[in-house]
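Contents: one structure, followed by commentary.
Bear in mind that the values in this text are calculations on the coordinates, not laboratory data. Please read all numbers here as calculations on a predicted model, not as lab measurements. Here Cβ is always computed from backbone atoms with ideal geometry, including for glycine, and neighbour counts include all displayed protein chains.
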Amino acid sequence: MSNIPENTVYGGPKPQNTEQRVTLAHLKQKHKKGIPITMVTAYDYPSAVHLDTAGIDICLVGDSAAMVVHGYDTTLPITLDEMLVHCRAVARGANRPLLVGDLPFGTYESSSQQAVDSAVRILKEGGMDAIKLEGASPSRITAAKAIVEAGIAVIGHVGLTPQAISVLGGFRPQGRNISSAVKVVETALALQEAGCFAVVLECVPAPVAAAATSILGIPTIGIGAGPYCSGQVLVYHDLLGMLRHPHHAKVTPKFCKQYAHVGDVINKALVEYKDEVTSGSFPGPDHSPYKISASEVWWFLG
Amino acid sequence: MAVFSNLLRHATVLRHRFTLRSMSNIPENTVYGGPKPQNTEQRVTLAHLKQKHKKGIPITMVTAYDYPSAVHLDTAGIDICLVGDSAAMVVHGYDTTLPITLDEMLVHCRAVARGANRPLLVGDLPFGTYESSSQQAVDSAVRILKEGGMDAIKLEGASPSRITAAKAIVEAGIAVIGHVGLTPQAISVLGGFRPQGRNISSAVKVVETALALQEAGCFAVVLECVPAPVAAAATSILGIPTIGIGAGPFCSGQVLVYHDLLGMLQHPHHAKVTPKFCKQYAHVGDVINKALVEYKDEVTSGSFPGPDHSPYKISASEVGGFLDELKQMGLDKAASAAAEAVEKMEKNKITS
């Protein structure tokens, strides 16, 4: 957990990461100095380690797990218990980045009490430092405020909010007409007022994101929202080119740059493993390390 | 009519729980789910594996824990996809395989079932879910198939109670892979991840227990971390295939952990704990690190996202109205930032 005290009492002396752990103050400093904030999603121990090693600021355990880890078509099916499993795995892997857990669909919409209870679990049982929730209807703003009052840091999320595809009619970019664009700016302001320390802007035109970013005192983290946000976020699997099948290539978002083609690397490795096993060349002597001593062998065979 | 629509509704519910099409032993012609595009390549079944074994063609097995890894295994043509309790270590970051629960394993199983159409799907019974009685073992195995969408289960060990449990599970109609040699769930009594079969009694035990598991009805046996001659002895005497890991080249097939064979974790700490019997066929961890550092640098320098990755536009006709609204709300700073952005985006479009 990145916000545990430097000197942990009961756990005994722990080798703390010499580099500064990312805290809210750290992010505020970056925002003030105009240094862009980096955020990437992670869902398990290895990806958390990767983000930590690469020096990413914020590690988001996103409900996008429903799609990229569990293979669903939307983010709706994932449960809070499943999210908590992801959160714990990530918490074990990432020492330095700030850890943020998404509140999944259905765990915070019906009342502020429900929202606070879910957010509490994400921190208590999930080991996260903060939570993110989607949307900015009045009830959502009220919920965000209640969560902040419960002592839990909140990132807001406006623009395309994937949990709302039912009313949005699909994964459709927002802010492309006047009223929608104004709404993005207004709701971002309302979330700031409710106590959010940052706001994610998803799939809105760059000028709309620029307007919101300039008027807010808190940082904006963009995805498919152009270069004028205070920071950027991308989904781990998308930025790494994890899935290369033509079917998946079609559903990779166009705002996402693929910084690698890990799927191709994996395919090549697996095919080579398959070929070597089939031909009998794996395992060779280098990979068959266990011996039975000469004396024992004869007794064994006898 | 009512009966039929009830059946349709039931089938729809089942399909939404986990996509039936992803289970590799569903019938070719699915009745209630409607016509499904079946994979033209043969789905891997027990018969398929028996054929390979008979012909002396090595069987390939790799672990997978989620949708993308399952897709990768399917695409690469791996025979068996094992949802291993090794997830506790490589996915969840624990030091042993003991902490993972059956509910957590089921989540992994379902994700894998959604991704892999062709390989045979095998789910591990995790520590603590099958040792206390045969009833417990059968109940856990049932859940792995019923709720996890797997085709078969694997359990570790070959004490008499374990053999009895394996038999009960087979009698319940569930195919079982046995596992002898180093059984990671037993590190408490083994005293660590220690290779087995390196003295006479231990070596003989490997062969004997593999035979007992065959007798109990297992369709294959995993041999883990035993000397190659011991694995060779077991393989030759068994009628069912052996799948080796750290057991030399004389088994009927091989299995490796996904993350280990791909070199997923490259940190010196993790390099130390990569097993020596595992060949790294790639260094995915390095590829990932390079990509993440590049993303970080591009965001920090402001070069990402460029015009190619900022696709959403507000139309020229709407922009004016947007700026006016902002000014009316007293947000002049926002209006000028937006106007500036529009200008810059236009300029980039022309120069790009």
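A compact table of results
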item	result
For segment B:26-261, alpha-carbon Rg relative to the globular expectation (2.2 N^0.38 Å, N residues)	0.96
Pairwise centroid distance, computed over Cα atoms, of segment B:198-226 with segment A:150-199, Å	59
Simple Cβ-charge dipole of segment B:306-351, Lys/Arg +1 and Asp/Glu -1, about Cα centre, in debye nearest 20	120
Nearest-ten-degree value, helix A:24-33 long axis tilted from longest Cα axis of chain A	70
Simple Cβ-charge dipole of the protein assembly as shown, Lys/Arg +1 and Asp/Glu -1, about Cα centre, in debye nearest 20	600
Longest DSSP-loop-exposure-free segment, GluC sites (Glu not before Pro), chain A, at most 13 other Cβ within 10 Å	A:20-302
Average Cα contact separation per residue, chain B, under 8 Å, 6 or more apart, as relative contact order %	12
Stretchable slack from B:I237 to B:S132, in nm (0.36 nm times residue separation minus alpha-carbon distance)	34.8 nm
Positive-end residue, chain A charge dipole about Cα centroid, Cβ charges, pick of A:I223, A:W298, A:T75	A:I223
Calculated [θ] (222 nm, deg cm²/dmol) that DSSP helices of n ≥ 4 give over the protein assembly as shown, each run adding -39,500 (n - 2.57)	-14000 deg cm²/dmol
Exposure proxy ranking, count of Cβ atoms within 10 Å, fewest first, for B:V71, A:V265, A:V297, B:V319	A:V297, B:V319, A:V265, B:V71
Linear extension gain, B:A172 paired with B:K290, 0.36 nm per residue minus alpha-carbon span	37.5 nm
Nitroxide proxy distance, nm - points 7 Å out along Cα→Cβ at B:K50 and A:S110	5.1
Residues B:E147 and B:V189, FRET efficiency given R0 of 45 Å [Cβ-Cβ distance, rounded to 0.05]	0.90
C-alpha center-to-center spacing [segment A:32-49, segment B:300-352] in angstrom	26
From the C-alpha gyration tensor of segment A:149-230, square roots of 5λ in Å	19, 15, 11
Degrees, to the nearest 10: B:284-301 long Cα axis against longest axis of chain B	10
Listed residue (B:S310, B:Q280, B:A166) projecting farthest to the positive dipole end of chain B, Cβ model	B:A166
Electrostatic dipole magnitude of chain A [Cβ: Lys, Arg +1; Asp, Glu -1; Cα centre; debye, to 20]	780
Gaussian network model of chain B, Cα within-10 Å springs - most flexible of B:K333, B:K55, B:K205	B:K333
